[in-house]
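J.: Pasting a structure here, questions to come.
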Amino acid sequence: MRSLVRVGLCAGVIGLVGIVTPARLYAQCSAGGTVSNVNDCVVPKKGPVDCHVEWAITPQPPTIPPSTLPTGKISCIDNDPTCDADTTPGQCTFLVGACVNVTDPRFACTPTDAASYILKHPSAKDAAKATKNPFGRDNMHALVTELDSIIPSATGNNCSAQGRFVVPLKKGVKKGTGKISLKATDSAMATDSDTIKFECLPNPSIATSVCASARQIASTSELIGGPLAMGKIGDYLIENDKARFIVRDTGREFGFMLTYGGHLIDADLQQKLGPSTLTPPYPPGRDSFQAITPLINISSSDNPTSITVVNDGTAGGPAKIRTVGPDDLFDPIDPRVAIIGFSSSLSVPTSAVDVDLPVTISTDYTLNCGDDFLTMETTIHNSGGSDLDLYVGDFANGSGQLEQVGPGLGFGDIPIRLGDREQTTGSPPPYHWDWFGFYGFGDSDLRSYALIPEVSFGTSSFSQSGVVVPVYGNNLLNVLLGNDPNSPSKEKGHLHVVAGGDATFKRWFAVSDNGMGRVLDDRTRLAGRGELPPIKTGYVQGVVTVAGAPVDGARVVIATKPGTGTNPFGVTDVFETRDGGFFQGSLPSNDYVAMVKVPRHLYEGGLSTPTQKPIKIGSGTTIVNFDVPATGFVRVTATDGVSALPIASKVSVVGLEATPDPGTKEFISGTNTEPANLFGYDAHEKLVIYGLPRVHFTDLGGDTGTFALQPGTYQIVVSHGPRYSVFKQMLTVVPGTEGSPQVVTASVVPVVTTTGFISGDFHVHMLQSPDSIVSNSERIVTMLAEGVDFFVASDHDFVTDLTSDVAALGATGAVKAALSQEITYFDSGHFGAYPFDPANLPDPTSHTGGALDWGDSTAPVGMGYPSDGSYDLSPNDMALLAKGPPFNAVVVQANHFNSGTLGYLRIHGIDTTTVPPQSSVDPSKIRLDPSITNTWTDELTALELWIENSRPQAALAVGENLGDWFNLLNNWSSAPGHQLLRKTATFDSDTHSTTIVQAGGPRNMIADASGSIAAINPVTVANHINDGRNIGTNGPFLQVSIVGDSGATATHALGSPLLVPATLGTAAIHVDVASPDWAEFDQIQIFVNNVPSCTTTSPNFVGSTKKLCPPVADYTLNKGTDFTVTSVPVNGSARLEAHVVKTLTGGSLPAGDAWVVVIVKGTDGVSKPLFPMAPPSIFRKACALDPCRGCTTAGDCAPFFGSCNDQNLTTADLADGNLGQCGITSLAIANPLFIDRDGDGFYKGLTVP
């Protein structure tokens, strides 16, 4: 059960029935769990046993003569602050607690003990009448929670906390009544029977009663707080007793969803109760939503220049603020490029591509009394001479620990949702794209959010990088289908704005604490007051139990069966159980099936598929309960086997759970369907990792705590990065209890020494990135668990400071974090810049921490379009800006530079074989100044050669990426224009997740002499990176040295030159590899002045082409033929070692100065993959001739890849090493060392560090 919060009221109390005596400001009956003033305790009658239970009620009821005791009949006028603890019209809230065994001198009574009780009212029967009183069950549960906390008890004057007891007006306008009837019994069977009566009276002055507030924030005490809270002094707060919202003040602060002011950035349920609800101080908030920004004609938003408080709420009525300003380009997203990058058969209509419209846009943010949703009404005034048909919607990003969910399809981060597309006649099906939700979990548990559009028919949405973009009233297929952006067949924008006139679109933004349950309640409420079409509804409610015990956190799905078109289900609502396994909500009258999923438990009845319980929703309350079987519980502790101290670790649970999600799907077009999930998805990872149902990360305490795991057989694997061994143990999990878990005691030991080098990851995402939901603390713990020494926080266009988070984990001496930013162009690729200067950043006055603005920050408001002469910064200008104040970055690198849609070299079509490298892109197609003739920049100091520990990215690293890097190295010299072409290769994870792309996978091993993690200097490390003293790896520790004249040696280590003279005609390349025994390797490749062969790509989605130059190694050495891998015992475990010498002499030694790059790898079928330390690409079944091609039937392998064979059907299969079964194999890449052939001390006339 979740605890209740006791809140006092700061108001006087006036009795409203009979003749009253004045009451004090506070109810003093109880405080701190004991009786504080017995004279204020409510006793409905005086008798020899009536002190067994007495009542603490806030506001304190009056004393009505001739009685000398506070009355047990309490009456209150709705919204009277002296007696109603809420400000919601139509209901009265009383705070009620109980005290037992009270010593009361007011009458003759000797307390003994309270042994048991029966709560007669509110009863289970009352709770089941949600249509009569939707608060019935909550009232009952609150009382049961309070009474259970003090009964049985023999302690004198023992008091519970107070809970809410809500009495609604009948039909919203007539007197409402409620009562509490209790029978308490002591151990001698004496009984105390009490009845407390409440009535709520309509308020004739309700329209002028204060119930909501809008104001500009003047103090930090007014801010909301929470994992994603971004509000600042100067922003605007709008709140009532149900919810709180913050709208950012005007102005440009570049940061993806935060670029323009005047938009919603924080939202939470109200944490405060009583007449002081709308004034500070406030309890800590739990905002978990990033931001929402209006979409205007697809590529634009509004850029408000003014915000006005229309109604501050002091005279009653809804609180309202209004923003006004022109349209402006929404720099962070280029929908035209996004759509054609997604499919060449799609295009955005020309009329909606970066068009500066003659419009003024105003948005009213209105919070009605008692609503937990904010009305957002955007009005567009057309000041031009022609009518406009505009596409309108929103750019919405949860970013917090939220799963996307919508009606019909259900859960999934899905590129396109078509809503009502399949219905072409008649009225729209109920609640089909009538809402879109962000379902909270983890840090956002019991905080969900949703958009409710006024126009739902025809509405559809697309999603990219975590941003969901609904387009109201438009079918996106009809808008986008076809590669001709000027086609007259494309559907026009839904919002028609006549010349000189106005048009409005409205939607509501809701906050919920029971999944989407409150969201549909909100829709019912809106329909009831005429703001949405009327619809007949009833209630559903129930309790979910595990082996008979109520369980919170279960997901209850209510769905039609079948769904629309080919969908087996049509998701209508999703509840999260709370307050004793309970769920309740309103639904459109219809026939449904109800299903439940309790995380890490079997489905009801011990089945592997969910039980579908038919229910019929009429005008009353339908009850459906579930009971699922008990599950197993496990706890893992990890220590360093040498020091015997706890160690941060990754705990991988290898095996197969028996309850896959049944799945849903939506037909898109042709043979294309969009899959989704019924109960949810792993938003951390986005994808299902086959064979790895759970992964836990322990902090420095080395303890996972207790976690649930379905009964079955698993392998527990504990790891701590590539310096350490791994621990493995088979475990058969049986049903049990959380209090008595099965315990695994693990030990790992250091096996690889990396003295003189630290590990680093310089491309890492967290919660502030719109496409990552990993919290700051989770990210730090993953780095600790993976044994990463140093990393930078590189959120998309946001400066995140982790200093306090590291300190809170007690990890200041265990991991180093620095400031950075991923500079996230939409059209020009992504760039990393680090470390930012902590003396200047983050900027405490900025909502983005002072992130670098790669758009045109100088453009006048409303004139940010290319047609206005406003363009994104060129890569050269961006790099120069990053290197200068206030950022003062040392490393500026092109991230994932050959990614098809996000890579600088690929998008711009950079030919690296020429000097200078030459772009082929038309700048006007990517929002750059069309006068730029070459978009290449020499200001980059590094290229991110390898990201993400995955097969596709490893192949790209040693293929196209390596070729471009080699081309630059080959052209590096002292000749004019050549001097800056050497770029350090970096190796980063680009992790947005915790597991599927692990922290430090791959990682940089940088030469450094800090001596301790706490002593690491980020600027010094960055300089070492720019020097090229860096090696990338996902397992093996690779050390390369070149011995030249008279034993002179070049290595990557500090104090050693990177350049060695070899004037005598011999250079010996020494390769030393040390690797944990779980990271096998079998091949060494050596490249010497390698000149790759190139082909030219076809034009990409923006029309650019580039040279594709995958290199072939000059020397390939294989285990068993050219070198031996030895297993060396270390600390009771082992490491793998190899030493290879390749001597260059005669014709093998270049005549001129040379560079040397060495790669070590494991190859398929020879070395085992790194599973589960690197978990992707393991399949249940795969094609016989291609083990990396997963299959279900033989048809998936036909005609070229043989039969479809079983690979990993059991835990034993998954734990057998997976040799030849795809997976990720080991890889390490060293930056170049250099050979000075003429002995002049230079490399081609240049100084090498």
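The values are calculated or read from the model by the stated rules, or taken from the named source; none is laboratory data. Keep in mind the model is a prediction, meaning the values are calculated, not measured. As a convention, Cβ positions derive from the backbone with ideal geometry for all residues, glycine included, and neighbour counts pool all protein chains shown.
Residues checked against (1) under 24 Å from the mean Cα position of the chain (by Cα); (2) farther than 28 Å from residue 467 by Cα; (3) at pLDDT 95 or above:
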{"position": "755", "(1), (2), (3)": "no, yes, yes"}
{"position": "766", "(1), (2), (3)": "yes, no, yes"}
{"position": "769", "(1), (2), (3)": "yes, no, yes"}
{"position": "806", "(1), (2), (3)": "yes, yes, yes"}
{"position": "829", "(1), (2), (3)": "yes, no, yes"}
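J.: For the range 480-515: of the residues being among the hydroxyl-bearing types (Ser, Thr, Tyr) and either surrounded by fewer than 18 Cβ atoms within 10 Å (Cβ to Cβ) or more than 34 Å from the chain's Cα centre (by Cα) (or both), which is nearest to residue 435 (Cα to Cα)?
T.: 504
J.: Just the residues that are among the small types (Gly, Ala, Ser), in contact with a Leu (Cβ under 9 Å, 6 or more places away or on another chain) and closer than 23 Å to residue 366 by Cβ, please, taken from the range 258-275.
T.: Within the range 258-275, 267 is the sole residue that qualifies.
J.: Shifting gears a bit: Would you confirm whether any residue within the range 498-516 is free of Cβ contacts under 8 Å to residues at least 12 places away in the same chain and either of a type outside the set (A, V, I, L, M, F, W, C) or farther than 30 Å from residue 401 by Cβ (or both)?
T.: No, that holds for no residue.
J.: Kindly provide the set of residues from the range 925-980 that are under 28 Å from residue 884 (Cβ atoms) and either among the acidic types (Asp, Glu) or in a strand (DSSP E or B) (or both), ordered by number.
T.: Within the range 925-980, 929, 938, 939, 942, 943, 944, 945, 947, 964 meet the criteria.
J.: Can you confirm whether residue 233 is within 28 Å of residue 93 (Cβ to Cβ) and either surrounded by fewer than 23 Cβ atoms within 10 Å (Cβ to Cβ) or in contact (Cβ under 8 Å) with a residue 40 or more places away in the chain (or both)?
T.: no
J.: While we're here: So, in the range 624-637, how many residues would count as being part of a strand (DSSP E or B) and under 28 Å from the mean Cα position of the chain (by Cα)?
T.: Number satisfying all stated conditions: 6.
J.: Condition (residue is touching a strand residue (DSSP E or B) at 6+ places or on another chain (Cβ under 7 Å) and of a type in the set (D, E, K, R)) applied to the range 963-971: is it met by at least one residue?
T.: no
J.: Also: What is the residue count in the range 744-772 for residues that are over 25 Å from residue 256 (Cβ atoms), assigned to a strand (DSSP E or B) and not aliphatic (A, V, I, L, M)?
T.: 6
J.: If you don't mind, there's one more thing I want to ask. Kindly indicate the residue of the range 113-134 that is among the aliphatic types (A, V, I, L, M) and touching an Asp or Glu at 6+ places or on another chain (Cβ under 9 Å) and also nearest to residue 179 (Cα to Cα) among those meeting that condition.
T.: Checked the range 113-134; the qualifying residue nearest to residue 179 (Cα to Cα) is 127.
J.: Scan 812, 845 and give me the residue that is under 24 Å from residue 324 (Cα atoms), touching a residue at least 24 places away in the same chain (Cβ under 8 Å) and surrounded by fewer than 20 Cβ atoms within 10 Å (Cβ to Cβ).
T.: 845 is the lone residue from the list that is under 24 Å from residue 324 (Cα atoms), touching a residue at least 24 places away in the same chain (Cβ under 8 Å) and surrounded by fewer than 20 Cβ atoms within 10 Å (Cβ to Cβ).
J.: If the requirement is being surrounded by 21 or more Cβ atoms within 10 Å (Cβ to Cβ) and out of contact with any Lys or Arg (no Cβ under 9 Å at 6 or more places or on another chain), which of these qualifies: 143, 95?
T.: After ruling out the rest, the residue left standing is 143.
J.: Within the range 115-131, how many residues turn out to be modelled with pLDDT of 95 or more and surrounded by 19 or more Cβ atoms within 10 Å (Cβ to Cβ)?
T.: 2
J.: Those residues that are over 14 Å from residue 373 (Cα atoms), under 30 Å from the mean Cα position of the chain (by Cα) and among the hydroxyl-bearing types (Ser, Thr, Tyr), I need them from the range 516-548; list them, please.
T.: Correct list: 545 only.
J.: Quick one: count up the residues across the range 69-92 that are in contact with a Leu (Cβ under 8 Å, 6 or more places away or on another chain), surrounded by fewer than 24 Cβ atoms within 10 Å (Cβ to Cβ) and either in a strand (DSSP E or B) or aliphatic (A, V, I, L, M) (or both).
T.: 3
J.: Let me ask another. Of all residues in the range 950-991 being under 23 Å from residue 767 (Cα atoms) and crowded, with 24+ Cβ neighbours inside 10 Å, which is farthest from the chain's Cα centre (by Cα)?
T.: 987
J.: Could you list, in sequence order, all residues of the range 451-466 that are farther than 9 Å from residue 417 by Cα, under 23 Å from the mean Cα position of the chain (by Cα), buried (at least 24 other Cβ atoms within 10 Å of the Cβ) and of a type outside the set (A, V, I, L, M)?
T.: If the condition is that a residue be farther than 9 Å from residue 417 by Cα, under 23 Å from the mean Cα position of the chain (by Cα), buried (at least 24 other Cβ atoms within 10 Å of the Cβ) and of a type outside the set (A, V, I, L, M), then 466 is the only one that fits.
J.: Does residue 1127 satisfy the condition of being touching a residue at least 60 places away in the same chain (Cβ under 8 Å) and either surrounded by 18 or more Cβ atoms within 10 Å (Cβ to Cβ) or not assigned by TED's automatic domain parsing to the domain that holds residue 653 (or both)?
T.: Considered against the rule, which asks whether it is touching a residue at least 60 places away in the same chain (Cβ under 8 Å) and either surrounded by 18 or more Cβ atoms within 10 Å (Cβ to Cβ) or not assigned by TED's automatic domain parsing to the domain that holds residue 653 (or both), residue 1127 comes out as no.
J.: Find all pairs meeting these conditions: Cβ atoms under 6 angstrom apart; at least six residues apart or on different chains; first residue within the range 1223-1249 and at positive phi and not assigned by TED's automatic domain parsing to the domain that holds residue 1145; second residue assigned to a loop (DSSP other than H, G, I, E, B) and crowded, with 21+ Cβ neighbours inside 10 Å.
T.: Within 6 Å, the pairs are 1244/1153.
J.: Sticking with this structure for a sec: Can you give me the ranges of the strands (runs of 3 or more DSSP E) entirely in the range 257-370 with at least 1 residues that are acidic (Asp, Glu)?
T.: 264-269, 300-302, 319-329, 359-367
J.: Do the conditions hold for residue 737, that is, is it part of a loop (DSSP other than H, G, I, E, B), touching a residue at least 60 places away in the same chain (Cβ under 8 Å) and farther than 21 Å from residue 555 by Cβ?
T.: Spelling it out, residue 737 is indeed part of a loop (DSSP other than H, G, I, E, B), touching a residue at least 60 places away in the same chain (Cβ under 8 Å) and farther than 21 Å from residue 555 by Cβ.
J.: Hey, among the residues in the range 174-204 that are touching a residue at least 24 places away in the same chain (Cβ under 8 Å) and polar (S, T, N, Q), which one's surrounded by the fewest Cβ atoms within 10 Å (Cβ to Cβ)?
T.: Filtering first and then ranking leaves 187.
J.: Follow-up. How do the pairs read when you match residues in the range 1089-1111 that are on the phi > 0 side of the Ramachandran plot with residues anywhere that are crowded, with 18+ Cβ neighbours inside 10 Å and part of a loop (DSSP other than H, G, I, E, B), using Cβ under 9 Å and keeping only pairs 6 or more apart or on different chains?
T.: Close Cβ pairs satisfying both conditions: 1089/1153; 1103/909; 1103/920; 1103/921.
J.: While we're looking at this one, here's another question. Step by step: first the residues of the range 560-597, then only those that are part of a strand (DSSP E or B) and of a type in the set (Ser, Thr, Tyr), then the one that is farthest from residue 550 (Cα to Cα). Which residue is that?
T.: 560
J.: Answer yes if at least one residue in the range 872-883 is more than 18 Å from residue 252 (Cβ to Cβ), part of a loop (DSSP other than H, G, I, E, B) and out of contact with any strand residue (DSSP E or B) (no Cβ under 6 Å at 6 or more places or on another chain), and no otherwise.
T.: yes
J.: If I filter the range 639-652 for residues that are buried (at least 17 other Cβ atoms within 10 Å of the Cβ), among the β-branched types (Val, Ile, Thr) and in a strand (DSSP E or B), do I get at least one hit?
T.: The answer is yes; a qualifying residue exists.
J.: Next up: Would you please name the residue that is surrounded by the most Cβ atoms within 10 Å (Cβ to Cβ), looking only at residues in the range 694-722 that are in contact with a strand residue (DSSP E or B) (Cβ under 6 Å, 6 or more places away or on another chain) and outside any strand (DSSP E or B)?
T.: If we take residues in the range 694-722 being in contact with a strand residue (DSSP E or B) (Cβ under 6 Å, 6 or more places away or on another chain) and outside any strand (DSSP E or B), then 722 is surrounded by the most Cβ atoms within 10 Å (Cβ to Cβ).
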